[in-house]
Amino acid sequence: MRKLVLFIATSLDGYIATKDESLDWLFKVEGEGDNGYSEFYETVDTVLIGKKTYDWIMKHETGEFPYKNRECYVFTRSPIEDTENVSFINEDITSFTNQLKNQVGKNIWIVGGGELLQCFIKEKLVDEIILTIAPTVIGNGIPLFKEGDFQLDLTLKGTRTFHQFVELHYAVTN
């Protein structure tokens, strides 16, 4: 069975972006190479994205669509026509994701965002979390984990550093 993996960067105080959706704080930190991104990207053939995150990517990404060579699904509540690079999904997240997990292939990456991640966590669909922590405290913003009625038990698989960044790799155990 394929694994559903969250690979994401966060501030030390647990935010994935500022309230105005800026990532400037993240790009100010000195990393090492691409901080493990290319290595991780080779382990996935499918990406899952929430509509807000997709819209942010389309607004801020210059050049080609960043996940052009992967199956890309964007979850939305509105009916939207598919594009060359993206299939828009307006159906039950749990059953759709379980269908993907049961297909032959590489891992599936949860690109973002927070609302979609919250749903995956509540439905116990997340198999691994690879969290890269930036040595920055931003005080408020968009939290990685939203408040809710859930508990996620994890087992540490490994740690790495990329200059100022620390990567924590966890397996979900519940």
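The values are calculated or read from the model by the stated rules, or taken from the named source; none is laboratory data. Just so it is clear, the structure is predicted and the values come from calculations on it, not from any experiment. In this analysis, Cβ positions are derived from the backbone assuming ideal geometry, glycine residues included, and neighbour counts consider all displayed protein chains.
What the table below lists for this structure:
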item: Residue within the stretch 109-118 that is of a type in the set (Gly, Ala, Ser) and farther than 20 Å from Glu21 by Cβ present; result: no
item: Residue that is nearest to Trp56 (Cα to Cα), among those in the stretch 15-36 that are out of contact with any strand residue (DSSP E or B) (no Cβ under 8 Å at 6 or more places or on another chain) and touching a residue at least 12 places away in the same chain (Cβ under 8 Å); result: Lys28
item: Long-range neighbours under 8 Å by Cβ, at least six apart or interchain, first residue modelled with pLDDT of 95 or more within the stretch 43-67, second among the acidic types (Asp, Glu); result: Asp45/Glu71; Thr46/Glu71; Val47/Glu71
item: Failed item in (1) closer than 19 Å to Val126 by Cα; (2) of a type outside the set (D, E, K, R); (3) over 15 Å from the mean Cα position of the chain (by Cα), with Trp25 passing the rest; result: (1)
item: Strands (runs of 3 or more DSSP E) contained entirely in the stretch 75-172, each with at least 2 residues that are closer than 21 Å to Ser11 by Cα; result: 107-112, 128-134, 154-162, 165-172
item: Single match in Ile93, Ile108 (criterion: touching an Asp or Glu at 6+ places or on another chain (Cβ under 9 Å) and at pLDDT 95 or above); result: Ile108
